[in-house]
Structures are given as structure tokens and as C-alpha cells.
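The values are calculated or read from the model by the stated rules, or taken from the named source; none is laboratory data. What you see is a predicted model, and the numbers here were worked out from it, not measured in a lab. Cβ placement follows ideal geometry from the backbone for every residue including glycine, while neighbour counts extend to all protein chains displayed. Please note that ligands, DNA and RNA were not included when accessible areas were found on the heavy atoms of the full protein model with its side chains. Shrake-Rupley method; radii C 1.70, N 1.55, O 1.52, S 1.80 Å.
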Amino acid sequence: MNIKKIIKSLIFTMLLASGLVFSADFNKGLKAVQSGDYKTAIAEFTPLAEQGDPVIQYILAIMYFHGEGVPKNENIAVKWFTKSAEQGYAQAQWNLALSYYEGNGVPKNDKIAAKWNTKAAKQGHAQAQWNLGTMYDNGYGVLEDDKTAVKWFTKAAEQGHAKAQNSLGIMYDNGTGVPENDKTAVKWYTLAAEQGDAIAQYNLAFMYDTGKGVPENDKIAVKWYSKAAKQGHAKAQDLLGGMYDTGKGVPENDKIAVKWYSKAAKQGHAKAQDLLGGMYDFGEGVPENDKIAVKWYSKAAEQGHAVAQYSMGIMYFAGTGILKDNRRAYMWSSLSAYNDGPDQASKNKDIVAKEMTQADISKAQDMSSRCLESNYTDC
């Protein structure tokens with residue numbers, strides 16, 4: 001965030017207002033900001049803020065919040081946000097709401113955050129409208145109310161707020177607070193995606209991928225998955241990898257598939273980790289490497305991914321990329337079957353059991369239970 005640009009923008013807004021007469025202190029503060037001398041700006045602006053100017057109070061709050069010209073102090077920032085907000089300055093009301101929502105400079109309090117978001121939203125502040133919609137959507141600080149969430153998302157979306165446009169698209173996509181309408185969902189996703197919102201780009205790609213609200217179009221799906229993937233959206237990276245893996249909308253290219261699976265896998269995406277494990281397991285797009293395959297299967301399996309658990313059972317049973325261990329082979333096959341993995345998982349468990357003593361089977365069953373009960377932290 002460029003504090004100099006923010007402050008200059010705020011001051012420019014003041015200059016456009018009619019009837020303002022600026023004091024010598026203000027002019028000194030302005031010159032100090034223009035030269036980057038924030039200490040002097042603080043010294044000149046503080047008396048004006050104490051006299052009750054809401055915009056100067058807001059500027060001072062921003063400077064304390066970011067530590068420009070003074071040591072960073074969120075408590076003092078909240079003090080000035082509050083003074084400005086209480087005079088009806090919408091930008092300060094939104095920042096004050098954010099402080100309470102995130103617990104910056106004050107104890108976290110969703111109800112107070114909702115109060116100040118409401119005040120700013122009613123003045124047309126788009127970011128506050130989106131935040132307020134999110135609070136009603138999730139029941140943060142207010143009673144959950146999908147229709148009210150849609151109301152505020154719509155107000156912000158109609159002002160061009162990309163995140164609100166995406167949120168409104170989701171509401172129409174899922175029929176939450178409004179009748180389900182895929183075409184309207186696509187409309188809002190498109191507006192947000194064209195502004196560069198990665199989540200909207202992914203959502204729009206998925207609509208083209210599955211033919212929801214638009215004719216199915218793999219090439220357009222790839223276009224939007226690519227845009228989201230390049231911004232680091234893990235689900236988009238995974239599905240883009242799948243498009244290259246299967247030649248859907250693009251020429252089949254295992255190396256590029258591996259590239260995108262890898263990016264998603266490194267962000268902890270379980271499905272991508274499993275698929276990346278498979279690429280190394282079978283040498284598709286990369287040299288075959290059983291140890292690396294086990295590494296990625298293991299990461300996915302420990303997140304509860306049933307197919308990866310099935311693969312881990314096979315790797316342990318065959319001793320491929322890892323030491324042969326029938327107990328763990330039995331454990332992972334059991335967990336895969338429990339999680340509705342491939343039909344073969346249950347059969348594999350029975351095959352492994354034939355090589356085990358009853359004592360080993362009991363031990364493996366205990367391992368499975370402990371793994372599951374610990375949410376895969378003790379496997």
C-alpha cells in the first residue's frame with residue numbers, strides 16, 4: 001500500500017470540496033507529505049485533527065496504522081478512525097469496522113464491525129457493502145440472512161466491486177438468497193473475472209467447463225483457468241493440469257500438466273498431490289520416480305484423499321518407492337475403502353491380509369483407527 005498516494009488522494013478530495021479554507025498548518029502538512037516528510041506532516045495535522053476535521057483524523061489514523069512519520073500504533077489509529085467515523089466519514093467507518101473484524105488495535109468484535117460496516121454501506125461505500133454482505137452470508141456479528149447478503153452484494157456489485165460481483169455470482173449459482181440462475185451467475189462471474197479476480201476467473205472457467213449457464217466450451221474454460229492459475233489459485237492450477245493431462249481444450253501435454261499439478265500440490269491441494277504422485281508413478285511428463293510418487297501420494301493420503309490412500313496401500317504392499325510394510329498397506333487400503341475409494345481398495349485389503357498374522361491384522365486395524373481419529377496426524 002502506497003501511503004503517500006492514499007494521503008494525496010484524500011487531500012485532493014478535500015481540495016475539490018467547496019468552501020474549504022485551509023490553514024497555514026494544513027499547507028505545511030501538505031508540503032511535508034509531498035516531500036515525504038511524514039514526521040512534519042504528523043506534527044502539522046495533529047492539531048487540525050484535534051480540532052475535529054474528520055478527513056484529517058482519518059489521514060492521521062492511516063499514518064499511525066502504517067507507521068508513517070510515527071511508530072506504528074494500531075491503538076492510536078483506532079482512536080482517530082473512531083473520531084472520524086463518529087462524524088460520519090464513510091472511509092473511516094469502514095476502516096474502523098475492519099479493525100474490529102480483524103482485532104487490530106481493539107479486541108475482535110464482529111457485532112461492532114457489523115455496526116460500522118452498516119453505517120458506511122448505507123453511505124454507498126462499496127467495500128463496506130461487500131463486507132456487510134459477507135457478514136450476513138456467514139452470520140458474523142449479525143443473524144445469518146442470505147437475502148440481506150444478496151442485497152448488499154448487489155449494491156456493491158453494481159458499483160463495479162469485483163469481489164462483490166463474484167460473491168453475487170455464487171449466490172445465483174447456488175440459489176442462496178435468490179432463485180438459482182446460472183446465466184445470471186455467469187454474468188456476475190464474467191464482470192469480476194474481467195477485472196482480474198482470480199476466484200471469479202476460476203468460477204467462470206468451471207461454468208464453461210461444465211456447461212452451466214453457458215454452452216460447454218473447453219477452450220474458454222482453459223482460458224479462464226489459466227488466468228486464475230497464474231494468480232496462484234490452487235483449484236484452477238489443478239484443473240488446468242487436468243485439461244493438459246487429458247487434452248481437453250488444449251493439446252495433450254503431460255509436461256505442462258505436471259507443471260500445474262506441482263504448483264497446486266505445493267499449496268497443499270490433495271487432489272493435485274495425488275495426480276502428481278501418479279505422474280511420477282507412471283513416468284508421465286516426468287521421469288518415473290517411485291520415491292517422489294510416494295512422497296506426493298502420502299501428502300494427499302494424510303489429507304484423507306481416498307484414491308491416494310489406495311495408492312499408498314499398493315506402494316507399501318509392493319515395496320515400491322518405500323520399504324514393504326504389510327501393516328501400513330492394510331491400514332491405507334482400509335482407510336481408502338472407508339472413504340469410498342476405488343472398489344479395488346477393499347479387495348487389496350483382503351489380499352494383504354492373506355500375508356499377515358491375526359496379530360498383525362489387529363495391529364493394522366488399531367493403526368487405522370488411530371490415524372482416522374487423529375484426523376491423519378498420527379498415521
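Note on the range 278-379: enclosed helices (runs of 4 or more DSSP H) holding 2 or more residues that are among the polar types (S, T, N, Q) are 306-318, 326-338, 344-353, 358-373. On inspection, THR176 qualifies as farther than 27 Å from THR82 by Cβ, assigned to a loop (DSSP other than H, G, I, E, B) and open to solvent by 20 Å² or more (accessible area, probe 1.4 Å). Of the residues contained in the range 151-173, none is found to be outside any helix (DSSP H, G or I), among the hydroxyl-bearing types (Ser, Thr, Tyr), surrounded by fewer than 21 Cβ atoms within 10 Å (Cβ to Cβ) and free of Cβ contacts under 8 Å to residues at least 40 places away in the same chain. Scanning the range 56-104 for residues being β-branched (Val, Ile, Thr) and farther than 15 Å from PHE45 by Cβ gives a total of 2. Pairs linking a residue in the range 41-54 that is within 13 Å of TRP80 (Cβ to Cβ) and in a helix (DSSP H, G or I) to a residue that is at pLDDT 90 or above and of a type in the set (Gly, Ala, Ser), with Cβ atoms under 9 Å and 6 or more positions apart or on different chains, are ALA49/ALA61; ALA49/SER84; PRO54/SER84; PRO54/ALA85; PRO54/GLY88; PRO54/ALA92.
Residue count for the range 211-234, restricted to those that are assigned to a helix (DSSP H, G or I), within 21 Å of PRO251 (Cα to Cα) and either within 20 Å of the chain's Cα centre (by Cα) or not aliphatic (A, V, I, L, M) (or both): 10.
Among the residues of the range 82-113, write down those that are farther than 20 Å from PRO54 by Cα and buried (at least 21 other Cβ atoms within 10 Å of the Cβ). Result: TYR101, single match.
Restricting the first member to the range 109-133 and to residues that are under 20 Å from SER167 (Cα atoms), and the second to residues that are part of a helix (DSSP H, G or I) and open to solvent by 50 Å² or more (accessible area, probe 1.4 Å), the beta-carbon pairs closer than 6 Å and six or more apart or on different chains are ALA113/TYR101; GLN129/LYS155; TRP130/LYS163.
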